[in-house]
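**Q** Below is the structure I would like to discuss, written out as structure tokens.
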Amino acid sequence: MVALAVVAEPVLDGARRRSGLDGDAVSESGRSAATERELISRARVLPPVEYFITERAAADFDETLDRVRAALESQGFGVLGETDLGAAVRDELGDDAFPRYVLIAACNPTLAREALDADPNVGVLL
């Protein structure tokens, strides 16, 4: 799975505005603000961002979960909790065909602190 973002930014590219004779704002380039907005607000597609790593395991699901927990802990990550998303979907929607899907919340406090010091808003991704 990848994420694709389409962004439209009606910004004047940092250009200072001044007023034109007709009252419409004019950028340093001499173009009207409306023309600048039209030129700059064209949608652009950002490249996809992969936010996951896929590994295949020969072990069964439960053994793989145990190995992932151990690997996280060996690298300084504490397991904060787990969410059995698969069970929630199966139970709430009655979809017995939904596969096993467990989310593991893990945190390395040192790395988390570095990330939060750089950008406090990154916490929504941690």
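All of the numbers you see were taken from the coordinates with simple rules; none came from a lab. Fair warning: this is a prediction, and the values are worked out from it, not measured in the lab. Because the Cβ atoms are built from the backbone with ideal geometry, glycine has one as well, and the counts that use them run over all protein chains shown.
**Q** Can you find a residue that is farther than 18 Å from residue 52 by Cβ and in contact with a strand residue (DSSP E or B) (Cβ under 8 Å, 6 or more places away or on another chain) anywhere in segment 104-126?
**A** Going through segment 104-126, the residues farther than 18 Å from residue 52 by Cβ turn out to be 109-110, 112-114, 116-121, 123.
Subsequent filtering for residues that are in contact with a strand residue (DSSP E or B) (Cβ under 8 Å, 6 or more places away or on another chain) retains 109.
Yes - at least one qualifying residue is present in segment 104-126.
**Q** Okay, next question. Can you tell me which residues in segment 51-89 are part of a loop (DSSP other than H, G, I, E, B) and either without any contact (Cβ under 8 Å) to a residue 24 or more places away in the chain or more than 21 Å from residue 109 (Cβ to Cβ) (or both)?
**A** Here is the first cut: in segment 51-89, the residues part of a loop (DSSP other than H, G, I, E, B) are 51-60, 75-77.
Passing the criteria: 51, 52, 53, 54, 55, 56, 57, 58, 59, 60.
**Q** Still on this structure, please answer the following. Could you grab me the full set of residues in segment 98-111 that are within 18 Å of residue 62 (Cα to Cα) and aliphatic (A, V, I, L, M)? Give the steps one after another, and end with the answer.
**A** Within segment 98-111, the subset within 18 Å of residue 62 (Cα to Cα) is 98-106.
Answer for segment 98-111, where residues must be within 18 Å of residue 62 (Cα to Cα) and aliphatic (A, V, I, L, M): 102, 103, 104, 105, 106.
**Q** In addition: Just the residues that are more than 21 Å from the chain's Cα centre (by Cα) and closer than 23 Å to residue 57 by Cα, please, taken from segment 80-95. Talk me through it step by step, then tell me what you get.
**A** Of segment 80-95, the ones more than 21 Å from the chain's Cα centre (by Cα) are 84, 86-95.
Scanning segment 80-95 gives 84, 86, 87.
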